[in-house]
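All of the numbers you see were taken from the coordinates with simple rules; none came from a lab. Note that the structure is predicted; figures quoted are calculated from it, not measured. In this analysis, Cβ positions are derived from the backbone assuming ideal geometry, glycine residues included, and neighbour counts consider all displayed protein chains.
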Amino acid sequence: MQKILNNQYMQYGCGYLSSPAGWINFDASPTLHLQRLPLLGALARRYVKPRFPDNVIIGDVLRKLPIEYGSCIGIYCSHVLEHLSLEDFRVAIKNTYLYLAPNGIFRMVMPDLNFYVQQYITSNDPSASHNFLIGTMLGLKKRERSLSRFLRNYIGNSNHLWMWDFKSAKIELEAVGFKEIRIAQFGDSGDRKFIEVEDESRWINCLGIECKK
């Protein structure tokens, strides 16, 4: 297990565009795994895109991350949890709770199911149902038949598997033990450290939530 001190800030599912130096940045992308291989990794980092920054650590919140429980005063994830099944979502937020120190802050942002539902029910567009499925990424335009494309979609986990509104997410967070659960807006945390990882474009028409352990 990598030695990481207490009172740290951590994000999971950081991708390759957001890995500030003041944060512990985890991602579970197959591309990152490839780029971190001992020998082939050098070639992968050169030819396999996107290139992950060197400070991004391989880590899956559904499994044990290389940090101690109760070691984080802030945790963030952006457009990650909607890619998980309901069961895995519950594992992810339970693990998030465990990694947080008492009174630690968890902020997350993800697509807002309520936004897409309201768009659908108020639209007179004959394509409203199509737009709903495309917008929520719950529909499948084409079923891939080749093994390579199937594996890419399955391992990459690019589709949305479960969508959330505030009410449904709040119940799940309460069940884990989170408190002071509220709808959050971009950059509105009392802890200014979060502004280092938040991207305003990722909050547009989305659901932001902040809560505490």
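With +1 on each Lys and Arg Cβ and -1 on each Asp and Glu Cβ, how big is the dipole of the chain about its Cα centre, in debye rounded to the nearest 20?
Here the size comes out at about 780 debye.
In terms of Cα to Cα distance under 25 Å, which lysines are near enough to Lys142, apart from those fewer than 8 places away along the same chain?
Result set, ordered by chain and number: Lys49.
So what are the ³J(HN,Hα) numbers for region 22-37, from phi and the Karplus equation (6.51, -1.76, 1.60; θ = phi - 60°), rounded to whole Hz, Gly and Pro as x?
Here the 3J(HN,Hα) series is x, 10, 8, 10, 10, 8, 10, 4, x, 5, 5, 4, 5, 6, 9, 5 Hz.
Which value, in debye to the nearest 20, gives the size of the charge dipole of region 64-147 about its Cα centre, when Lys and Arg are +1 and Asp and Glu are -1 at the Cβ?
240 debye
Put a dot 7 Å past each Cα toward the Cβ at Arg36 and Asn55; how far apart are the dots in nm?
1.6 nm
Normalised by the residues of region 1-130, what does the relative contact order come to in percent, with Cα pairs under 8 Å and at least six apart?
Once normalised by length, the contact order is 26 percent.
Note the full-extension length gain between Ser85 and Gln119 as 0.36 nm times their separation in residues minus their Cα-Cα distance, in nm to one decimal.
This chain segment gains 9.8 nm when fully extended.
Kindly provide log₁₀ I(q)/I(0) values, in the same order as q = 0.08, 0.10, 0.13 Å⁻¹, from the Debye equation applied to equal alpha-carbon scatterers of the chain.
The Debye formula, applied to the Cα set alone, gives -0.30, -0.47, -0.80.
In percent, what relative contact order does region 11-73 have, based on Cα pairs under 8 Å that are 6 or more apart in sequence?
37 percent
Under 19 Å between alpha carbons, and skipping anything fewer than 8 positions from Lys179 in its own chain: which lysines qualify?
Answer for Lys179, where 19 Å is the Cα cut-off: Lys94, Lys167, Lys170, Lys212, Lys213, listed by chain and number.
Please list 40-46, 81-87 highest first by mean number of surrounding beta-carbon atoms within 10 Å per residue.
Per-residue mean Cβ counts within 10 Å order the peptides as 81-87, 40-46.
Projected onto the charge dipole of the chain (+1 at Lys/Arg Cβ, -1 at Asp/Glu Cβ, origin at the Cα centre), which of Pro38, Ala128, Ile181 gives the Cα projection farthest towards the positive end?
It is Pro38.
On each of the three principal axes of the Cα atoms of region 50-103, give max minus min coordinate, whole Å, ordered largest first.
35, 26, 18
So if each residue of separation counts as 0.36 nm, and I subtract the Cα-Cα distance between Glu68 and Arg202, what length gain in nm does that give?
45.3 nm
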